[in-house]
1. So for the pair B:His243, A:Lys63, with labels modelled 7 Å out along Cα→Cβ, what separation do we get in nm?
2. Any chance you could run the full-extension gain for B:Asn2 through B:Lys250? It's 0.36 nm times the residue separation minus the Cα-Cα distance, nm to one decimal.
3. Just the number, please: carbon plus sulfur as a percent of the accessible area of the protein assembly as shown, 1.4 Å probe, no ligands or DNA/RNA counted.
4. Let me know the shape class of chain B, please: from the alpha-carbon gyration tensor, a ≥ b ≥ c as square roots of the eigenvalues, rounded when a/c is under 1.5, otherwise prolate if a/b is greater than b/c, or oblate.
5. Of A:Lys101/B:Lys121; A:Lys68/B:Lys56; A:Lys101/B:Lys266, which pairs sit farther than 25 Å apart, going by alpha carbon to alpha carbon?
6. Quick one: go through region A:1-27 and flag any residue whose amide nitrogen is under 11 Å from the point 7 Å out along the Cα-to-Cβ line of A:Arg41.
7. Taking the alpha-carbon distance from A:Lys44 and a cut-off under 20 Å, which lysines remain once sequence neighbours fewer than 8 residues away in the same chain are dropped?
8. Highest mean first, how do B:22-31, B:100-109, B:218-227, B:128-137 rank when packing is the count of other Cβ atoms within 10 Å averaged over residues?
Amino acid sequence: MQRIPIKLAKPGMILAKEAITPEGQVLCGAGTELSQEVIARLIKQEVLTVTVEGHPVQLPGEKGLTEKLKELDHRFVKVKNDPVLRALKTLIAEFWVVQEKGEDFLQKLKKTKTR
Amino acid sequence: MNKEEIRQRLKDVQSLPTLPPIVSKLNQMVSDEDVTAVKLGRIIEKDQVLTSKLLKMVNSSFFGFPQRISTVSNAIVLLGFNVIKTLIVTSSIFEVMQSSDIGLFEHSLGCATAAGIVAKKLGIKNPEEVSTAGLIHDLGKIVLRAELPEEYEQVVETAREQDRYMREVEKEALGIGHGEIGGILARQWNLPERLVYPIEYHHNPEASPDYKEISAIIHFSDILIRALGFGFGGDKWVPPLDHNAWNRIKFGKKDMTHILEEVDEKLAELQDFTLDIHKDEGTES
Ligand SMILES: [Fe+2]
Ligand SMILES: [Fe+2]
């Protein structure tokens, strides 16, 4: 799933999470397919962002998964001997992999690694 | 410049916006036991600019309140007076930071978000207070930057060139760390100790004379938010973890994953909040 500014929403995209106004009011539920009318209504109700299924938009400045993981590794360089922080780093990496590629992908990845 | 000179300098900080006059009035009122949230709210609401800033902060996603808070007295009831007072005292500082150091601003909002989520997970009574401590934990950096811009620039530059923690360089060059500086200021502003100690000891939480658990939460939230690469806290390195502090709060894999999920979601919402700020700036100018 991907969170995108409402301006980049296009008909045909499917909401992965409910669309909520800044006031906290739910406008449409997860699974709703966006149409021109729905998008117009969301804009009118001042919704700023929506979360949609898949990864349909390449946002400016958005990093790819590989780059994100490389930078994660780099940030941990000074604490790489701390077992707790090492575990935290692994958890974050796995979390990002699942978020972008899904749980199955992570399981496959783990299998190929242990082999 | 040594530690004493810096302390002196902080006594009359001139480069930061002065405290709103309303603060001393509120302080007086709070020491009066009969004062109610409604009364306090009424006083604050006389200042419309302050009120709108305050409501924007309390409704931003790092507090994570499901319903909209629409009046100041409601905010006081729901979040506690400590939180409201701190937000009032620091509101002008955050304005400075938003324009001068967006990276540190995001780091602070991120830490506030993480701290609130961790505090809730631990069942702490007033998680919003812990969030607020997270919000201002790097207060010392903001002061340094505003009051001693050249020295601050030098510290950041040296840390970058030598691939070191900013905190190390700062202690070496100034003889005092940003934690201690933040503590001095927070105390000067009469913030409660529950907030002063976590600010002062967020890099060495076990040295805190009190509120060690809150200090440990801020310590860890700072690490977590840097680990996630959200915002910029002065250098790019994940700081060392104090294991005694960790033992006070530690989470297993399952809880930690939940925390990550929640933090991730709130951080995305935070971007709405900062978008919102920029939008307002756009319409005002
Ligand atoms: Fe810090
Ligand atoms: Fe920090």
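The values are calculated or read from the model by the stated rules, or taken from the named source; none is laboratory data. Keep in mind it's a predicted model, so treat the numbers as computed, not measured. So basically every Cβ, Gly included, is an ideal-geometry build from the backbone, and we count neighbours across all protein chains shown. Each accessible area value is taken on the protein alone, full model and side chains, heavy atoms only, with ligands, DNA and RNA left out. Shrake-Rupley method; radii C 1.70, N 1.55, O 1.52, S 1.80 Å.
1. So the label points at B:His243 and A:Lys63 sit 2.9 nm apart.
2. Taking 0.36 nm per residue and subtracting the Cα distance, the gain is 85.5 nm.
3. 50 percent
4. rounded
5. A:Lys101/B:Lys121; A:Lys68/B:Lys56
6. A:27
7. Output for A:Lys44: A:Lys7, A:Lys10, A:Lys17, B:Lys279.
8. With the highest mean Cβ count within 10 Å placed first, the list reads B:128-137, B:218-227, B:100-109, B:22-31.
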